[in-house]
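Each remark here refers to the structure printed beneath this line.
The values are calculated or read from the model by the stated rules, or taken from the named source; none is laboratory data. In this text the structure is predicted, and so the values were computed from the model without any measurement. Cβ sites come from the backbone with ideal geometry, for glycine too, and all protein chains shown count toward neighbours. Accessible surface areas use protein heavy atoms only, side chains included; no ligands, DNA or RNA. Shrake-Rupley method; radii C 1.70, N 1.55, O 1.52, S 1.80 Å.
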Amino acid sequence: MASLSVKPGQRFTLPDWQNNSLLISANAEQQRYNSHHIRQEGRALRNETGNQARWDEHNSQTCLKDRITSVDRWRQALAKCLADTDLEIDALTKVKEAAENALQAKNLCLDVAIECLTFRESRRDIDVVRDPVEEELLREVKVIEKTKKELQQRVDDAFKQLCLLKEARQQLSCDHRHKVETLELDRQCVSFNPTSSNISFKVNPTRIPDGTTALHEWELNSQCNKERAEAEMRASVDLRGAITLSIAQTNNELDAQRIATEFALRKRMRDMEGALSELRWQEQNTLEEIAEMEEEIRQLEEDIRKRTLDLKVAHTRLETRTYRPHLDLCRDQAQYGLTDEVQQLEGTIRALQQKRTESQDALDALYRQLHRIQTDIGYKTNSLQLDKKCMDTRRKLVIPVEKFDPEVDAVNRTRNLPRNSQLELA
């Protein structure tokens, strides 16, 4: 009789078979969930990194453009200063040549005076006297020699000043050339984009090259070059004025003194008028700043009032939430948020109050400075009036006395002065 064959191996129960199917389905769903989660994270990462890259590129582009603007502004300032320096070099060169010509012209005057003295040495006996003519000739020789010495000193000063101006110009030119090269490189950097053909990876691009300077050193260098050139130009302008004055002093000693005095007086009046103009400008700007500061204080007080109301709201909310019953009285996110809001508002109010105090102190200082400016304007106005009266009185030096009609009586010339002017000036 034939027997039933039995397959070798383990036999599973029906529940095992069902559990295996459920496990496979559950694993499949879990894997799909994991895959979906990873895809979402990848998409978020792509969006985040893409946005960050675009923002970083935009920020770098903006910084480069700002840097180009700053460098170009300095380039323009240096170019203008360079042009002014060239003009001043030309002007000082012409004045130096004029002084040299005036110095050369004095030789003939000296020769004539010495020749006259030599002729008079031929006098005999009692005629060999120290008469006024000889005294005037000797004085003339002294004046001419003094004038020549002064003109020679001015020529030497002009030569030294020209050397200083050219040295300052060399520094300005070098700095200006560097600015031009920097602008070209930065503009080339701005033009780079992902589709540019000349972009590539570089070895250690974030290294700090040798010779790198800090930003304040870069700006300080250009500022020093500009200020030095301006200082040399101011000195050159003063020197040109002095040389021109020295050339004008080739007349007799009395005229030279008169010219020097009136020149100094006119210069003082110009300085006084400039100082008055500057003070009035400062007064106007101070008044404007006072108005702006008062408005700022009002805005600060308004902000303090608003933040105080916000703080009251936050306090009220926190206090109201303390009455939640039983387990609902929990430190939830709303509680943390309200607590942070209170702390933030208290800090904001303290900062606003501190800024209001600082602003009020600054306003008080502005009022004190305004009083000082207005007082100084009164002093300088009075001094300018006195200088103008001095100039009017000095008209007697060039106008005959019978035709001179002073604008203010000499006896009552101080009648318009403030009562306390002498005390204040003292």
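Would you call residue 184 assigned to a helix (DSSP H, G or I), in contact (Cβ under 8 Å) with a residue 60 or more places away in the chain and of a type in the set (Asp, Glu)? Quick ask: steps written out before the conclusion?
Numbers: assigned to a helix (DSSP H, G or I): yes; in contact (Cβ under 8 Å) with a residue 60 or more places away in the chain: no; of a type in the set (Asp, Glu): yes.
It is false that residue 184 is assigned to a helix (DSSP H, G or I), in contact (Cβ under 8 Å) with a residue 60 or more places away in the chain and of a type in the set (Asp, Glu).
Among the residues of region 292-321 satisfying the criterion of being hydrophobic (A, V, I, L, M, F, W, C) and open to solvent by 50 Å² or more (accessible area, probe 1.4 Å), which is farthest from the chain's Cα centre (by Cα)? So that I can check it myself, show each step before the final result.
Step one: of region 292-321, the residues hydrophobic (A, V, I, L, M, F, W, C) are 293, 297, 300, 304, 309, 311, 313-314, 318.
Within this subset, residues satisfying the condition of being open to solvent by 50 Å² or more (accessible area, probe 1.4 Å) are 309, 313.
Numbers: 309: 42, 313: 46 Å.
Step by step, filter region 292-321, then rank; the result is 313.
Out of the residues in region 187-219 meeting the condition of being in a loop (DSSP other than H, G, I, E, B) and aliphatic (A, V, I, L, M), tell me which one is least open to solvent (accessible area, probe 1.4 Å).
Just the residues of region 187-219 that are in a loop (DSSP other than H, G, I, E, B), to begin with: 192-214.
Narrowing the set further to residues that are aliphatic (A, V, I, L, M) leaves 199, 203, 208, 214.
Details: 199: 83, 203: 129, 208: 136, 214: 38 Å².
Among residues in region 187-219 that are in a loop (DSSP other than H, G, I, E, B) and aliphatic (A, V, I, L, M), the one least open to solvent (accessible area, probe 1.4 Å) is 214.
Confirm whether residue 254 is modelled with pLDDT under 90 and open to solvent by less than 80 Å² (accessible area, probe 1.4 Å).
Values: modelled with pLDDT under 90: yes; open to solvent by less than 80 Å² (accessible area, probe 1.4 Å): no.
Taking the combined requirement at face value, the residue does not satisfy it.
Conditions first: (1) in a loop (DSSP other than H, G, I, E, B); (2) at pLDDT 75 or above; (3) surrounded by fewer than 12 Cβ atoms within 10 Å (Cβ to Cβ); (4) of a type in the set (D, E, K, R). Residue 324 passes all but one, so which condition is the exception?
All conditions pass for residue 324, except number (3).
Given the structure, is residue 386 open to solvent by 40 Å² or more (accessible area, probe 1.4 Å) and at pLDDT below 80?
Numbers: open to solvent by 40 Å² or more (accessible area, probe 1.4 Å): yes; at pLDDT below 80: yes.
So residue 386 passes the test.
Within region 208-225, does at least one residue satisfy the condition of being out of contact with any Leu (no Cβ under 9 Å at 6 or more places or on another chain), aromatic (Phe, Trp, Tyr) and modelled with pLDDT under 90?
The answer is yes, given that some residue of region 208-225 is out of contact with any Leu (no Cβ under 9 Å at 6 or more places or on another chain), aromatic (Phe, Trp, Tyr) and modelled with pLDDT under 90.
Of the conditions (1) part of a helix (DSSP H, G or I); (2) under 27 Å from residue 107 (Cα atoms); (3) modelled with pLDDT under 90, residue 123 clears all except one; give me its number.
Single failed check for residue 123: (1).
How many residues does region 152-164 contain that are open to solvent by less than 40 Å² (accessible area, probe 1.4 Å) and of a type in the set (A, V, I, L, M, F, W, C)?
Of the residues in region 152-164, 3 are open to solvent by less than 40 Å² (accessible area, probe 1.4 Å) and of a type in the set (A, V, I, L, M, F, W, C).
Provide a single number: the residues in region 327-357 that are under 25 Å from residue 303 (Cβ atoms), in contact with a helix residue (DSSP H, G or I) (Cβ under 8 Å, 6 or more places away or on another chain) and either polar (S, T, N, Q) or loosely packed, with under 11 Cβ neighbours inside 10 Å (or both).
3
Does residue 321 meet the test of being of a type in the set (Lys, Arg) and under 30 Å from residue 364 (Cα atoms)?
On the way: of a type in the set (Lys, Arg): yes; under 30 Å from residue 364 (Cα atoms): no.
Judged against the criteria, residue 321 is not a match.
Kindly provide the set of residues from region 165-179 that are free of Cβ contacts under 8 Å to residues at least 40 places away in the same chain and either crowded, with 16+ Cβ neighbours inside 10 Å or of a type in the set (Ser, Thr, Tyr) (or both), ordered by number.
Residue satisfying the conditions is 178 alone.
Any residue in region 98-109 that's among the hydrophobic types (A, V, I, L, M, F, W, C) and in a helix (DSSP H, G or I): show its pairings with residues that are open to solvent by 60 Å² or more (accessible area, probe 1.4 Å) and modelled with pLDDT of 80 or more at Cβ separation under 7 Å, as long as the two are six or more apart or on different chains.
From residues that are among the hydrophobic types (A, V, I, L, M, F, W, C) and in a helix (DSSP H, G or I), the pairs are 99/154; 103/152.
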